[in-house]
Amino acid sequence: MKIIHTADIHLKEYGDERWEALQKLIALGQKEGIELFLISGDLFDRGSDAEALRPHIRGLFSNTGFRICLIPGNHDRDSYTGGMYFGEDTVILTDLNRPCEYKDVMIWGIPFEPAEREKILHQLHSLAHLLTPNKKHIVLYHGELLDAFFSRSDFGDEGDERYMPVRLSYFNDLKVDYVLAGHFHKRFDVWRLQQGGYFVYPGSPVSITRKETGQRRINLFELGKQPREHPLDTPYFEEVLIVCDPFADKDPLEQMKERFQELPAHAQVILIITGFVNGEAMGMTEEEFVKHAKKIVRGRCVEERYEFRDIRMILEDDLFKGFLKKLEQADYAGEKKKHMREIAIRAMMGARR
């Protein structure tokens, strides 16, 4: 049995990039012949978005050929009250004691609430006696795994608040096959549970903030097997860092051309050009250099940061030339020499202020 697991789509408007990403996931599920499509929270960005998009979701989540199960996340926790209809193939898991049963699989949902660790532990302990050995058991969860090393930015724009924090040890007494989680946006990550199951964050399938760089992924796997990251062709942010070095053979503008040629059209670039250039050797001013760079990126950047400095005056300084001569004669590795050159350049830049 094939399963898709995703989370944190944060739908806001019909027909935008996030909506199109969800359409692609549904189409991928049909192409792969999956039987379960599981969403671990934050399908919608806000309750008002869920209200506006529900008529469209009904069409997308009907006649798919597979079962769709989802839980509320911290963003859309108020979106599923009162038996609202989200599509023929859709099951909303808002009660831990009311799982979705599909063939020999039991899908348990821990809906988001502002709960402390003690309450979550109690919920999981209450689940232990319900996990029959003749079934496969999947738990959908939306919150923060405290065992993992994350920065706060890895969860999107959530601030400093803790959201349903758990540890892997909380699942030690539960014979679950998979804990399929949401809330962590940045990347695909997997941990092994003591009882032999897996704890998985798929990352968001489309970049929600500019902190979520790199190609997006989902968890596409076969029941009973290890989770497997599947790359997507959905929009994402990509940081392109060009470090200019006046002592390197490679032209930084040529580096840019090569890097941008490698990127797919759906990559939205955050360009950072830093380091030092020798304007005289390149035959252009800083302003001309930036103009050439902008021609190369051709409007593909959502952010451009030009932090480089033209140091032609320092390179022509007799004191610096003397330092370079002695450095070349010294018995240092290439990276060590490069680091020492940079220290000397920054020191001379400071002295010129």
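The values are calculated or read from the model by the stated rules, or taken from the named source; none is laboratory data. Computed from a predicted structure; not experimentally measured. Cβ atoms come from the backbone with ideal geometry, glycine included; neighbour counts cover every protein chain shown.
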>> Return the pair list, or none, for Cβ contacts closer than 6 Å from residues in region 247-260 that are more than 18 Å from Glu287 (Cα to Cα) to residues that are part of a helix (DSSP H, G or I), at least 6 apart or on different chains.
In response: Lys257/Ile296
> Checking Glu17 against (1) under 23 Å from Val139 (Cβ atoms); (2) touching a residue at least 40 places away in the same chain (Cβ under 8 Å); (3) surrounded by fewer than 22 Cβ atoms within 10 Å (Cβ to Cβ), which single condition isn't satisfied?
Replying inline: (1)
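Residue by residue, here is whether (1) assigned to a strand (DSSP E or B); (2) over 17 Å from the mean Cα position of the chain (by Cα) holds:
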position: Ser169; (1), (2): no, yes
position: Val179; (1), (2): yes, yes
position: Gly196; (1), (2): no, yes
position: Ser207; (1), (2): no, no
position: Arg210; (1), (2): no, no
position: Gln215; (1), (2): no, no
position: Asn219; (1), (2): yes, no
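Taking the stated definitions as given, is Gly214 outside the structural domain of Arg341 (by TED's automatic domain parsing) and farther than 22 Å from Lys31 by Cβ? Spell out how you get there, then give the answer.
Numbers: outside the structural domain of Arg341 (by TED's automatic domain parsing): yes; farther than 22 Å from Lys31 by Cβ: yes.
So Gly214 passes the test.
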>> Name the residue that is surrounded by the fewest Cβ atoms within 10 Å (Cβ to Cβ), counting only residues in region 90-130 that are modelled with pLDDT under 85 and of a type in the set (Lys, Arg).
In response: Lys119
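The rows are residues; the columns are (1) closer than 25 Å to Val176 by Cβ; (2) free of Cβ contacts under 8 Å to residues at least 40 places away in the same chain; (3) among the aromatic types (Phe, Trp, Tyr).
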| residue | (1), (2), (3) |
| --- | --- |
| Arg54 | no, yes, no |
| Ile68 | yes, yes, no |
| Ile71 | yes, no, no |
| Tyr80 | yes, yes, yes |
| Met84 | no, yes, no |
| Gly87 | no, yes, no |
| Pro99 | yes, yes, no |
| Tyr102 | yes, no, yes |
| Met106 | yes, yes, no |
> Is it the case that some residue within region 165-174 is within 21 Å of Phe44 (Cβ to Cβ), out of contact with any helix residue (DSSP H, G or I) (no Cβ under 9 Å at 6 or more places or on another chain) and either surrounded by fewer than 20 Cβ atoms within 10 Å (Cβ to Cβ) or modelled with pLDDT of 90 or more (or both)?
Replying inline: no
> Scanning for something outside any strand (DSSP E or B), closer than 16 Å to His142 by Cα, touching a Cys at 6+ places or on another chain (Cβ under 9 Å) and touching a residue at least 40 places away in the same chain (Cβ under 8 Å), does region 114-122 turn up at least one residue?
Replying inline: no
> Which members of region 328-353 meet the condition of being farther than 18 Å from Asp249 by Cβ, of a type outside the set (Gly, Ala, Ser) and in a helix (DSSP H, G or I)?
Replying inline: Gln329, Lys336, His339, Met340, Ile343, Ile345, Arg346, Met348, Met349
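Name the single residue, out of those in region 198-245 being of a type in the set (Asp, Glu) and without any contact (Cβ under 8 Å) to a residue 40 or more places away in the chain, that is surrounded by the fewest Cβ atoms within 10 Å (Cβ to Cβ).
As a first pass, look at region 198-245 and keep what is of a type in the set (Asp, Glu): 212, 222, 229, 233, 238-239, 245.
From the residues that got through so far, the ones that are without any contact (Cβ under 8 Å) to a residue 40 or more places away in the chain too are 238-239.
Values: Glu238: 22, Glu239: 13.
So, considering only residues that are of a type in the set (Asp, Glu) and without any contact (Cβ under 8 Å) to a residue 40 or more places away in the chain, the one surrounded by the fewest Cβ atoms within 10 Å (Cβ to Cβ) is Glu239.
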